[in-house]
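The structure appears right after this line, and notes come after that.
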Amino acid sequence: MNNKVGAITFSYSTSMDAKNIAIILEDSSGLVNNEWVLSTFDPDLVSVIKNSSNETMEKNIKNWMDLPKNVNNVLAMIGQTSEIEDLWHKCVGNQVISFLEYLYQKPFDFNNISAYATSAPMCDDNPKENEFFFISKNSYRQTWNTTGINLWRKHSLSVIAHELNHFMFYKYYGDLEKTLSASQFLTLKESLIFFSDPASTGYAIERPLRDFYLSLDRNRHSLDEIIKLAVAKLLNQ
Ligand SMILES: [Zn+2]
């Protein structure tokens, strides 16, 4: 169908994993539940994090991950990353990209996107520099429901589709950052996941927009029109 799936390169490194963990733990948007994130980590790593300042956290996490005793974790992450890469290239990549092009009525026109696996249960959600994070099986080891062997794969792939939806939004509607406040822009960006993943619940801040989308006759409005209506709604609040 197309070779756009090849624009995405999948990899794992402890430096990027540590970077993602530091970003989500330092997030100030109010959307991250740090206690829950920490509850999914190895208790040793939690001590490392609790004994770090914001300045030293990323480096300390990476150093901990690079310890010889944690080498099996690193190898597992590398294996899980290539499993997801395989699924993306052989099964779902074309579908996801075709769907996003249909939704936005715009080409998926990206080169050299880097997708990094993370052992955290959440991903930094601000894809601006052609890179994003996705979830690994390791994130499931403690608090996640692991009854279905395919659950982590499904979740990883839905994170990838979620992030690529944001890529399309930034590319074609990034200028709205000038019209909307940072929080309104974030709300709009996240609410659009409703159209690519209707089963997702989203964050509480998106609820009014999601309710609004549900009230619209989807056959009568393009996404472009829907975004214009949503922007008017956000500005009139
Ligand atoms: Zn998001």
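Taking 0.36 nm per residue of sequence separation and subtracting the Cα-Cα distance, how much length would be gained by fully extending the chain between Val32 and Glu177, in nm to one decimal?
50.0 nm
May I ask you to sort Thr187, Thr118 by Cβ crowding, counting other Cβ atoms within 10 Å and putting the fewest first?
On the way: Thr187 22, Thr118 26.
Ranking Thr187, Thr118 by Cβ neighbours within 10 Å, fewest first, gives Thr187, Thr118.
Using only alpha carbon pairs under 8 Å that are at least six residues apart, calculate the relative contact order of the chain and give it in whole percent. Please report the intermediate quantities before stating the final value.
Details: 255 pairs, mean separation 51.2, N = 237.
Contact order relative to length: 22 percent.
Taking 7 Å along the Cα-to-C-beta vector as the label spot, tell me the Ser15-Ser200 distance in nanometres, rounded to one decimal.
Here the answer is 2.9 nm between the modelled labels.
Is the shape of the stretch 161-213 rounded, prolate or oblate, going by the alpha carbon gyration tensor and its root eigenvalues a ≥ b ≥ c, with a/c under 1.5 for rounded and a/b larger than b/c for prolate? List each step's numbers first, then the result.
On the way: a/c = 2.23, a/b = 1.24, b/c = 1.80.
Because a/c hits 1.5 or more and a/b fails to exceed b/c, the stretch 161-213 counts as oblate.
Using Cα-only point scatterers and the Debye equation, what is log10 of I(q)/I(0) for the chain at each q in 0.10 Å⁻¹, rounded to two decimals?
The computed values of log10 I(q)/I(0) come out as -0.50.
Go ahead and run the numbers for FRET between Leu235 and Glu101, Cβ-Cβ distance against an R0 of 22 Å, rounding to 0.05.
Details: r = 28 Å, r/R0 = 1.29.
My answer for the efficiency is 0.20.
With a/c under 1.5 counting as rounded, go ahead and sort the stretch 2-111 into rounded, prolate or oblate using the C-alpha gyration tensor (a ≥ b ≥ c being the square roots of the eigenvalues; past the cut-off, prolate if a/b is larger than b/c, else oblate). Could the numbers behind the result be given before it?
Working: a/c = 2.82, a/b = 1.74, b/c = 1.62.
The shape class here is prolate.
Using Cβ counts within 10 Å as a stand-in for footprinting exposure, how do Arg220, Arg153, Arg207 rank, fewest first?
Ranked by crowding around the Cβ, least crowded first: Arg220, Arg207, Arg153.
In which sequence would Val71, Val46, Val159 go, from the one with the fewest C-beta neighbours within 10 Å to the one with the most? Walk me through the numbers before you get to the answer.
Numbers: Val71 11, Val46 14, Val159 21.
So the ranking, lowest neighbour count to highest, is Val71, Val46, Val159.
Tell me, what ³J(HN,Hα) does each residue in the stretch 174-185 have, in order and in whole Hz, if you take phi through Karplus 6.51 cos²θ - 1.76 cosθ + 1.60 with θ = phi - 60° and put x for Gly and Pro?
Calculated HN-Hα couplings, in order: x, 5, 4, 4, 7, 8, 9, 6, 4, 6, 5, 5 Hz.
Residue by residue through the stretch 16-22, what is 3J(HN,Hα) from phi via Karplus (6.51 cos²θ - 1.76 cosθ + 1.60, θ = phi - 60°)? Round to whole Hz and write x for glycine and proline.
Once θ is set to phi - 60°, the couplings for the stretch 16-22 become 6, 4, 4, 4, 4, 4, 5 Hz.
Rule-based calculations on the coordinates, nothing more; no lab input. Every value quoted in this text rests on a predicted model; they were computed, and no experiment measured them. Note: ideal-geometry Cβ built from the backbone for every residue, glycine included; neighbour counts use all protein chains shown.
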